[in-house]
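First the structure, in the form of structure tokens, and then the observations on it.
The values are calculated or read from the model by the stated rules, or taken from the named source; none is laboratory data. Just so it is clear, the model here is predicted, and its values are computed rather than measured. Cβ atoms come from the backbone with ideal geometry, glycine included; neighbour counts cover every protein chain shown. Areas reflect the complete protein model, heavy atoms only, side chains present, ligands, DNA and RNA absent. Shrake-Rupley method; radii C 1.70, N 1.55, O 1.52, S 1.80 Å.
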Amino acid sequence: MVKDCKTCGETKPLDQFSPVTRGRLGRASDCKRCAADKKAAYRAANPERIRAANQKHYAANAERMRADKRAYNVTNADRRAAYMHRYRADNPTAHRDWARANPDKVAAQRHRRRARIAKNGFETYSLTDVYEESDYRCAYCSGPIEHLDHIIPVAKGGADTRTNVIGACALCNQTKSDMDPEEWIGRVLASDKPVWAR
């Protein structure tokens, strides 16, 4: 059997039309190629609307989607491992190139992993938001931000959440290490040369 496409007007076999539950022949009025062209044109003309709809959908279904992804990964572990093996063999520098181009995302992954292993809890947040809210200045000494610091250290039960992170310079973050802020500030004030006396 054949059918006329409403958009291009060409007569095509039924398998060139997507199945639908309504209609005389149970097929869409546009052929698959015309339907794809219309969809692409809509996406190009309405990027913000599509982004907002996607965010709303993800927010409403985040837990279910995470559960589905975990179940898929468990069921298809061998298939995923084989794919990743092939991809890494075909693209040996891809991960390194991506990591160099996205240092913020690499840092966020590292923070999430530490919190997940410690079972402290974590959430997705934007490092750029953290930096912008602090005007790219260290929360302790007002120097330039170089690191992200967990106020309550992950090693002491702190979660990797937006409310528990601030921007810090490398010196402040490294000397604070896994100390609580009060303990660290007390040590700094008691020392002969405070961290911020540079």
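Table for the structure above
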{"read-out": "Odd one out for GLU146 among (1) surrounded by fewer than 20 Cβ atoms within 10 Å (Cβ to Cβ); (2) charged (D, E, K, R); (3) under 22 Å from ARG116 (Cβ atoms)", "value": "(3)"}
{"read-out": "Residues satisfying the stated conditions in segment 60-103, i.e. open to solvent by 80 Å² or more (accessible area, probe 1.4 Å), under 24 Å from THR128 (Cα atoms) and among the hydrophobic types (A, V, I, L, M, F, W, C)", "value": "TRP98"}
{"read-out": "Options ALA45, ALA52: the member that is over 23 Å from THR7 (Cβ atoms) and either among the aliphatic types (A, V, I, L, M) or in contact with a helix residue (DSSP H, G or I) (Cβ under 6 Å, 6 or more places away or on another chain) (or both)", "value": "ALA52"}
{"read-out": "Residue that is farthest from GLY167 (Cα to Cα) [pool: residues in segment 72-115 that are of a type in the set (D, E, K, R) and touching a residue at least 40 places away in the same chain (Cβ under 8 Å)]", "value": "ARG114"}
{"read-out": "Hits in segment 130-161 (condition: closer than 19 Å to ALA62 by Cβ and either β-branched (Val, Ile, Thr) or at pLDDT below 85 (or both))", "value": "THR161"}
{"read-out": "Filter result for ALA41 (open to solvent by 50 Å² or more (accessible area, probe 1.4 Å) and closer than 30 Å to THR124 by Cα)", "value": "no"}
{"read-out": "Segment 120-150, residues that are small (Gly, Ala, Ser) and over 17 Å from the mean Cα position of the chain (by Cα)", "value": "SER134, ALA139, SER142, GLY143"}
{"read-out": "Which numbered condition SER18 fails, given (1) among the small types (Gly, Ala, Ser); (2) loosely packed, with under 11 Cβ neighbours inside 10 Å; (3) not in a helix (DSSP H, G or I)", "value": "(2)"}
{"read-out": "Lone unmet requirement of (1) touching a strand residue (DSSP E or B) at 6+ places or on another chain (Cβ under 8 Å); (2) modelled with pLDDT under 90; (3) among the acidic types (Asp, Glu) for ASP104", "value": "(1)"}
{"read-out": "Residue list for segment 105-119, restricted to those being under 20 Å from ALA155 (Cβ atoms) and either of a type in the set (Val, Ile, Thr) or open to solvent by 40 Å² or more (accessible area, probe 1.4 Å) (or both)", "value": "GLN109, ARG110, ARG112, ARG113, ARG114, ARG116, ILE117, ALA118, LYS119"}
{"read-out": "Qualifying residue in segment 8-15 (condition: within 30 Å of THR124 (Cα to Cα), open to solvent by 60 Å² or more (accessible area, probe 1.4 Å) and either assigned to a helix (DSSP H, G or I) or among the small types (Gly, Ala, Ser) (or both))", "value": "no"}
{"read-out": "Within segment 154-189, tally of residues that are touching a residue at least 24 places away in the same chain (Cβ under 8 Å) and closer than 14 Å to PHE122 by Cβ", "value": "8"}
